[in-house]
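The values are calculated or read from the model by the stated rules, or taken from the named source; none is laboratory data. On a predicted model such as this, the values are computed, not experimentally measured, just so you know. Cβ placement follows ideal geometry from the backbone for every residue including glycine, while neighbour counts extend to all protein chains displayed. The protein model used for the area step is the full one, side chains on, heavy atoms only, and it has no ligands, DNA or RNA in it. Shrake-Rupley method; radii C 1.70, N 1.55, O 1.52, S 1.80 Å.
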Amino acid sequence: MNKYDDMKRIRDEVVALTESPLYAYRVANHYHAVLGEGSHDATIMFVGEAPGKNEAIKGRPFVGAAGKLLDLMLAKNNIPRESVYITNIVKDRPPENRDPLPSEIEMYGPFLDRQIQVIRPKVIATLGRFSYAYIMRKFDLDLFIEPISKAHGHIFDAEAPFGPIQIVPLYHPAAAIYNQHLKETLFKDFEVLKQFV
Ligand code: URA
């Protein structure tokens, strides 16, 4: 199996995930599951929370206001969007943009795990506190989990089955849209990714 086939299998399974609590909501609203997009050979993988309305309509991650900020930061650091892989923990839109529930993270987490296993990134940049906590736990760094206000911009070393990996927790771009201070911090933290290009 090649990476494309592996990813397609993951996509097909999520699209057919009738047991998800978000499945009926997806279908009723003619939304799409949002699997992720980018290079299957990416060095940097971004993991957000869950698709918003724009993303669910288009079936693509980070294409709304938060996505515009992400695009701006990528461009500022000369990182082409097509060279990275962008996804979320939860692959379907939660109603009213609410935070993902633990049960939803549990349902979709294994699909993210498989995507990481296909892409084998050198760095995972987490966007927001949910993906930060999920990824830290996944790589046995539970003991180092702090509030995102402390962890942001740091680099954590971990071991993946395919080799060493680094985790860079970042604030969620959506949180930075209306908060100038947070936005400046996020832009500054983002520069840490330049070294991995
Ligand atoms: N917020 C997220 O966490 N993910 C998206 O894809 C869009 C907004």
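Quick notes
- Boolean, Val47 is open to solvent by 70 Å² or more (accessible area, probe 1.4 Å), hydrophobic (A, V, I, L, M, F, W, C) and either part of a loop (DSSP other than H, G, I, E, B) or within 22 Å of Met107 (Cβ to Cβ) (or both): no
- Residue check for Arg129: open to solvent by 70 Å² or more (accessible area, probe 1.4 Å) and within 16 Å of the ligand (Cβ to nearest atom): yes
- Residues that are among the charged types (D, E, K, R) and out of contact with any helix residue (DSSP H, G or I) (no Cβ under 6 Å at 6 or more places or on another chain), drawn from region 1-48: Asp5, Lys8, Arg9, Arg11, Asp12, Glu13, Glu19, Arg26, Glu37, Asp41
- Evaluation of Asp92 against (1) away from the ligand (no atom under 16 Å from the Cβ); (2) open to solvent by less than 10 Å² (accessible area, probe 1.4 Å); (3) of a type in the set (D, E, K, R) (one fails), failing number: (1)
- Against the test of being β-branched (Val, Ile, Thr) and either open to solvent by 10 Å² or more (accessible area, probe 1.4 Å) or within 24 Å of Lys53 (Cα to Cα) (or both), the options Ile167, Ile124, Ile177, Ile116 yield a single qualifying residue, Ile177.
- Of the residues making up region 4-32, those that are free of Cβ contacts under 8 Å to residues at least 12 places away in the same chain and part of a helix (DSSP H, G or I) are Asp5, Lys8, Arg9, Asp12, Ala24, Val27, Ala28.
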